[in-house]
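Have a look at the structure below, then the notes.
The values are calculated or read from the model by the stated rules, or taken from the named source; none is laboratory data. These numbers come from a predicted model, not from an experiment. As a convention, Cβ positions derive from the backbone with ideal geometry for all residues, glycine included, and neighbour counts pool all protein chains shown.
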Amino acid sequence: MTDLILQTRDLTREFKGFTAVDKVNLNVHRGDIHALIGPNGAGKTTVFNLLTKYLPPTTGSIYFNGEDITRVESSAIARKGMVRSFQISAVFPKLSVLDNVRIALQQQQGNSFHFWKSARVLEQLNERAEQLLDSVGLLEFARVTTQDLSYGRKRALEIATTLALDPDMLLLDEPTQGMGHEDVDRIAELILSIRHNRTILMVEHNLQVVSRLADRLTVLQRGAILTEGDYATVSADPRVREAYLGVAADQEVAA
């Protein structure tokens, strides 16, 4: 069996008596695309905030690569190889697409972006930056100012800046939210293309995207795990139908 890269044990977060995450035991296998789904208010984003230390858990523990990271700071978790995209990616709208990736590469090296350095020094990062842009389909836009990119391509750039940190695991928070059909397809293909030797945990509302990408799903409802499995198993579960559609578990859906 594929080993586990991320585990939570009875992960719980309470807010003044309200339990937003309730004893969640999450098991993410190395190399999988694992989707965290559920209706609005199910606790998905709170789980992501707990994993990346935007919030401390009330109780419970988090393990990454077998190490207890429950009390580890967010920046240290990123250095250990678990990076959350779209929330913490450094994208500067008035810089070029290439410069955005070069900034991320300098962060990966443990340095700040040195604007005062000679162009020759900064250009040493170009080869790797261009490789990353090519991997997300943005090489032809390398010299374009980032604010001039379409929304979908900005998301692709955010993935490129995250990949510059060379993570073992990517946490993608609603990667296709607000996109048109064409951009959704582009980002879905991109996620498939970058999964090699990498684990992806994603929150995603678009179930067509989930069915296409995810090896395994965890369904949350009211902060707790409702069910888990592959898409066929989860989508056939009447409790999932009830959670999403408000259809009673013992009722048949009209043909």
- Any residue at all in region 97-113 that is crowded, with 17+ Cβ neighbours inside 10 Å, modelled with pLDDT under 90 and of a type in the set (Ser, Thr, Tyr)? no
Yes or no: region 153-164 includes at least one residue that is within 17 Å of residue 52 (Cβ to Cβ), within 20 Å of the chain's Cα centre (by Cα) and outside any helix (DSSP H, G or I).
no
Listed by first then second residue, the pairs whose first member lies in region 137-151 and is under 11 Å from residue 93 (Cβ atoms) and in a loop (DSSP other than H, G, I, E, B), whose partner is aliphatic (A, V, I, L, M) and at pLDDT below 90, with beta carbons under 6 Å and at least 6 positions apart or on separate chains, are none
**Request:** Taking residue 120 as the residue in question, decide whether it is outside the structural domain of residue 231 (by TED's automatic domain parsing), out of contact with any helix residue (DSSP H, G or I) (no Cβ under 6 Å at 6 or more places or on another chain) and either at pLDDT 85 or above or not in a helix (DSSP H, G or I) (or both).
**Result:** no
Selection from region 194-205 of residues surrounded by fewer than 22 Cβ atoms within 10 Å (Cβ to Cβ), out of contact with any helix residue (DSSP H, G or I) (no Cβ under 7 Å at 6 or more places or on another chain) and touching a residue at least 24 places away in the same chain (Cβ under 8 Å) yields 195, 197, 198, 205
Does residue 180 qualify as being small (Gly, Ala, Ser) and surrounded by fewer than 16 Cβ atoms within 10 Å (Cβ to Cβ)? yes
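Being among the basic types (Lys, Arg) and closer than 24 Å to residue 136 by Cβ narrows it down to one of 102, 71, so name that one.
102
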### Message
If I filter region 85-96 for residues that are out of contact with any His (no Cβ under 8 Å at 6 or more places or on another chain), on the phi < 0 side of the Ramachandran plot and either modelled with pLDDT of 95 or more or assigned to a strand (DSSP E or B) (or both), do I get at least one hit?
### Response
yes
Within region 13-53, residues being in a strand (DSSP E or B) and touching a Pro at 6+ places or on another chain (Cβ under 6 Å) number 1
Expected output for region 157-169 (first residue on the phi < 0 side of the Ramachandran plot, partner among the small types (Gly, Ala, Ser) and in a helix (DSSP H, G or I), Cβ below 6 Å, 6+ apart or cross-chain) is 161/104; 164/104
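Which residues, counting only those in region 1-12, are among the polar types (S, T, N, Q) and either surrounded by 16 or more Cβ atoms within 10 Å (Cβ to Cβ) or part of a strand (DSSP E or B) (or both)? Talk me through it step by step, then tell me what you get.
First pass over region 1-12, keeping only residues among the polar types (S, T, N, Q): 2, 7-8, 12.
Result: 7, 8, 12.
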ask   = Before we move on, is residue 239 in a helix (DSSP H, G or I), surrounded by fewer than 17 Cβ atoms within 10 Å (Cβ to Cβ) and not polar (S, T, N, Q)?
value = yes
Looking across region 222-236 at residues that are outside any loop (DSSP other than H, G, I, E, B) and farther than 19 Å from residue 28 by Cβ, the single one that is modelled with the lowest pLDDT is 235
